[in-house]
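Below is one structure, written out as structure tokens; comments come after it.
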Amino acid sequence: HKKQNKMPNAFLYNMEGEKKMFPKGQLTDHFSKKEFDCQCGCDTGTIQPLLVQKLELARVEYGKSMRINSGIRCLDHNRSIGSKDTSSHIKCVAADIGCTGIAERHEMLSILLKHFKRVGVHKQFIHVDVDADKPSGVFVY
């Protein structure tokens, strides 16, 4: 017999307080679970729903696609790319959004800063997280 997918349907409450259901694997209208999964394929962790909800609000305002370069990272993958063991990606509370152009970066930052208290700027991406253990602000790589 066919193996059943045990992943439940995702849901979010919209601004009116109504529960909205999404197909399996879809977290919001614009983001799927797969986009946030560890790139090594280990399937570790679950991305923090608050992070995804804030990204969805930013994505709707931005009106264009946003590429998630990195979401969840297991410790091995995090180390293999040279990141610190204190990375918020290990805690499943961070995402890096691909962004290379100066106009695109300006527009994206102006929106992301409305939704996130912690933002990092790199020449190839913008990092956002909801890590309560780290100070608020904007940092650069």
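The values are calculated or read from the model by the stated rules, or taken from the named source; none is laboratory data. Please read these numbers as outputs of a predicted model, since none were measured by experiment. Backbone-built Cβ (ideal geometry, glycine too); neighbour counts: all protein chains shown. Note: accessible area is taken over every heavy atom of the protein model, side chains too, but ligands, DNA and RNA are not part of it. Shrake-Rupley method; radii C 1.70, N 1.55, O 1.52, S 1.80 Å.
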Problem set entry | Net charge over other residues, Cβ less than 10 angstrom from the Cβ of Gly137 (K, R count +1; D, E count -1) | +3
Exercise. By the scheme Lys and Arg +1, Asp and Glu -1, what is the net charge of all other residues having a beta-carbon under 14 Å from that of Tyr62?
Worked result: +1
Exercise. In the neighborhood of Gly82, defined by Cβ-to-Cβ distances under 15 Å, what is the net charge if each Lys or Arg adds +1 and each Asp or Glu adds -1?
Worked result: 0
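If Lys123, Lys134, Lys24 are ordered by their accessible area, calculated over protein heavy atoms with a 1.4 Å probe, which sequence runs from highest to lowest? Intermediate results must be reported in sequence, preceding the final value.
Values: Lys123 150, Lys134 55, Lys24 115 Å².
In descending accessible area the options line up as Lys123, Lys24, Lys134.
Extension gain Asp76-Ser136, at 0.36 nm per residue separation less the Cα-Cα distance, in nm?
18.9 nm
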Exercise. For the chain, which whole percent of the accessible surface, found with a 1.4 angstrom probe, sits on carbon and sulfur atoms?
Worked result: 54
Exercise. Where both residues lie in the chain, what percent of DSSP beta bridges are antiparallel, nearest 5?
Worked result: 80
Exercise. Among bridges DSSP assigns within the stretch 60-141, what percent are antiparallel (round to 5)?
Worked result: 75
Exercise. If you roll a 1.4 Å probe over the heavy atoms of the protein chains, what accessible area per residue do you get for the stretch 94-141, in Å²?
Worked result: 53
Exercise. Amide H neighbours of Arg118 under 5 Å, counting only residues 5+ apart in sequence or on other chains, H built in-plane at 1.01 Å?
Worked result: Asp129, Gly137
For this session: Specify which labelled value, from [x] 1.02; [y] 1.07; [z] 1.15, agrees with Cα Rg over 2.2 N^0.38 Å derived from the coordinates of the model shown.
Result: [y]
Exercise. Which whole-number percent gives the relative contact order of the chain, counting Cα pairs below 8 Å spaced six or more residues apart?
Worked result: 17
